[in-house]
Amino acid sequence: MNTNRRQFIKLSAFATSLFAFNKSKASEVITNASKEQIKPIVISTWRFGVEANAEAWKILSNKGRALDAVEAGVKIPEADPKERSVGYGGRPDRDGRVTLDACIMDDYANIGSVGCLEHIVHPISVARAVMEKTPHTMLVGEGALDFALSQGFKKENLLVKESEEEWKEWLKTSKYKPIANIENHDTIGMVALDMNGNLSGACTTSGMAFKMHGRIGDSPIIGAGLFVDNEVGAATATGHGEEVMRIVGSHTVVELMRQGLAPEEACRKAVERIISIAKRKNKPLDELQIGFIAINKKGGHGAYCLQKGFNYAVYSPEINNQLIDAKHIL
Ligand code: SD4
């Protein structure tokens, strides 16, 4: 190799390393700048979302993971016997058994879920254990209970006196026929963005009150009751699970956001899709309620529901854990 060529190689190696150095510095600056702009947010369904958000916020504001925040958040109503549609104290099925559905999803698209789980106060934590400690994504019924017990969860009676009395009253008139109305079920769905810009979500419920034993709703079904895409956003659902499942509702909302829609607009379009299906089936719309809530990667949030009455709680640096009435279509 002649001297000129050697010098040229040396020079270009130097230039390349200089460029690489500047590039890495530049990307460091960009990463730091964009990290500074990330404002955490947590949103969740219904009035009990306020208390749940407050718990989640403790983790988010301490730079914790969105995954830990959503789990800790939804555990609040799960453990509260006064909340009669989630966890301990939830209304039973038509056989008088409290059966719980829950799922969780993180920023790596890890998923875990339990369906028709009895006797465990925190199905969300069992769902997380399914996600982290098994090669599977969903366990149901007795298998889910066996797994929970093997993980150290305690077996408890979840049927509180008030729920039992309500069920006995219902049996008198409803002749063992499950009736879906808009009053007898509420689910907590929560989605969050953490300070590292990562998303996660959790959803947990006792499902539709006085349902058939073994009935599983949308809440533990990834894509229906909850969906997270760390590049785009996260969404969760409440309301008539059968209708949400028909359009894989939460996944639909996230895909609409991927196409550029704002969270509120994406939620509205998903509700409209459910309405058009219900109309085709001649289902009376006034007997249905569906609500979606969503956040996007930039920390924007929104919601929409079918009929008046659905609200959601928002906690962010700008919004101090407020309950917001979702816009409705009917
Ligand atoms: C279900 N989607 O089991 C749940 C119930 C619910 O507000 O969210 N109610 O169908």
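Restricting to the range 294-330, name every residue that is β-branched (Val, Ile, Thr) and out of contact with any helix residue (DSSP H, G or I) (no Cβ under 7 Å at 6 or more places or on another chain).
So in the range 294-330, the residues β-branched (Val, Ile, Thr) come out as 295, 314, 319, 324, 329.
Hits for the range 294-330 are Val314, Ile319, Ile324.
So how many residues does the range 49-92 have that are of a type outside the set (A, V, I, L, M) and farther than 28 Å from Glu162 by Cα? Spell out how you get there, then give the answer.
Start the filter on the range 49-92 by keeping residues that are of a type outside the set (A, V, I, L, M), which leaves 49, 51, 53, 55, 57-58, 61-65, 68, 71, 73, 75, 77-78, 80-85, 87-92.
From what's left, farther than 28 Å from Glu162 by Cα: 57-58, 61-65, 68.
Of the residues in the range 49-92, 8 are of a type outside the set (A, V, I, L, M) and farther than 28 Å from Glu162 by Cα.
Looking at (1) away from the ligand (no atom under 12 Å from the Cβ); (2) crowded, with 24+ Cβ neighbours inside 10 Å, which one does Ala224 not meet, given that it meets all the others?
(1)
For the list (1) β-branched (Val, Ile, Thr); (2) in a helix (DSSP H, G or I); (3) more than 13 Å from the chain's Cα centre (by Cα), I need the number of the one condition that Ile216 fails.
(2)
Can you tell me which of (1) under 17 Å from Glu287 (Cβ atoms); (2) more than 16 Å from the ligand (Cβ to nearest atom); (3) in contact with a helix residue (DSSP H, G or I) (Cβ under 6 Å, 6 or more places away or on another chain); (4) not aromatic (Phe, Trp, Tyr) is the one Ser174 doesn't meet?
So Ser174 meets the others, but not (3).
Determine whether Glu231 is farther than 30 Å from Lys58 by Cα, modelled with pLDDT of 95 or more and more than 10 Å from the ligand (Cβ to nearest atom). Steps first, please.
Numbers: farther than 30 Å from Lys58 by Cα: no; modelled with pLDDT of 95 or more: yes; more than 10 Å from the ligand (Cβ to nearest atom): yes.
Criteria not met by Glu231.
Within the range 71-116, how many residues are within 17 Å of Phe210 (Cβ to Cβ) and outside any loop (DSSP other than H, G, I, E, B)?
Adding up the residues that qualify gives 3.
Exactly one condition in (1) farther than 16 Å from Asn110 by Cβ; (2) within 13 Å of the ligand (Cβ to nearest atom); (3) touching a residue at least 40 places away in the same chain (Cβ under 8 Å) is not met by Cys203; state its number.
In the conditions (1) farther than 16 Å from Asn110 by Cβ; (2) within 13 Å of the ligand (Cβ to nearest atom); (3) touching a residue at least 40 places away in the same chain (Cβ under 8 Å), Cys203 misses (1) alone.
Would you confirm whether or not the range 107-122 contains a residue that is touching a residue at least 12 places away in the same chain (Cβ under 8 Å), of a type in the set (S, T, N, Q), in contact with a strand residue (DSSP E or B) (Cβ under 6 Å, 6 or more places away or on another chain) and buried (at least 20 other Cβ atoms within 10 Å of the Cβ)? Show your work before the answer.
Applying the first criterion (touching a residue at least 12 places away in the same chain (Cβ under 8 Å)) to the range 107-122 yields 107-122.
Now narrow it down to the ones that are of a type in the set (S, T, N, Q): 110, 113.
Then keep just the ones that are in contact with a strand residue (DSSP E or B) (Cβ under 6 Å, 6 or more places away or on another chain); that gives 113.
Keeping just the survivors that are buried (at least 20 other Cβ atoms within 10 Å of the Cβ) gives 113.
Yes, the range 107-122 has at least one match.
If you take the residues of the range 181-213 that are modelled with pLDDT under 90 and surrounded by fewer than 19 Cβ atoms within 10 Å (Cβ to Cβ), which of them is nearest to Ser113 (Cα to Cα)? Break it down stepwise before answering.
Pass one, the range 181-213, residues modelled with pLDDT under 90: 181-186.
When the remaining residues are screened for being surrounded by fewer than 19 Cβ atoms within 10 Å (Cβ to Cβ), the result is 181-184.
On the way: Asn181: 26, Ile182: 25, Glu183: 25, Asn184: 23 Å.
For the range 181-213, the residue satisfying everything is Asn184.
May I ask you to say which residue of Val244, Val140 is free of Cβ contacts under 8 Å to residues at least 60 places away in the same chain and out of contact with any His (no Cβ under 7 Å at 6 or more places or on another chain)?
Answer to the selection: Val244.
Determine whether the range 87-106 contains at least one residue that is without any contact (Cβ under 8 Å) to a residue 24 or more places away in the chain, away from the ligand (no atom under 14 Å from the Cβ) and surrounded by fewer than 23 Cβ atoms within 10 Å (Cβ to Cβ).
Within the range 87-106, the first condition is being without any contact (Cβ under 8 Å) to a residue 24 or more places away in the chain, and the residues that meet it are none.
The answer is no; no qualifying residue exists.
Quickly run through the range 206-217 and pick out the residues that are touching a Cys at 6+ places or on another chain (Cβ under 9 Å) and within 9 Å of the ligand (Cβ to nearest atom).
Going through the range 206-217, the residues touching a Cys at 6+ places or on another chain (Cβ under 9 Å) turn out to be 207, 213-216.
Result: Gly207, Arg215, Ile216.
The values are calculated or read from the model by the stated rules, or taken from the named source; none is laboratory data. Bear in mind that the values here come from a model prediction, so they are computed numbers and not experimental data. Glycine gets a Cβ as well: all are built from the backbone with ideal geometry, and neighbour counts include every protein chain shown.
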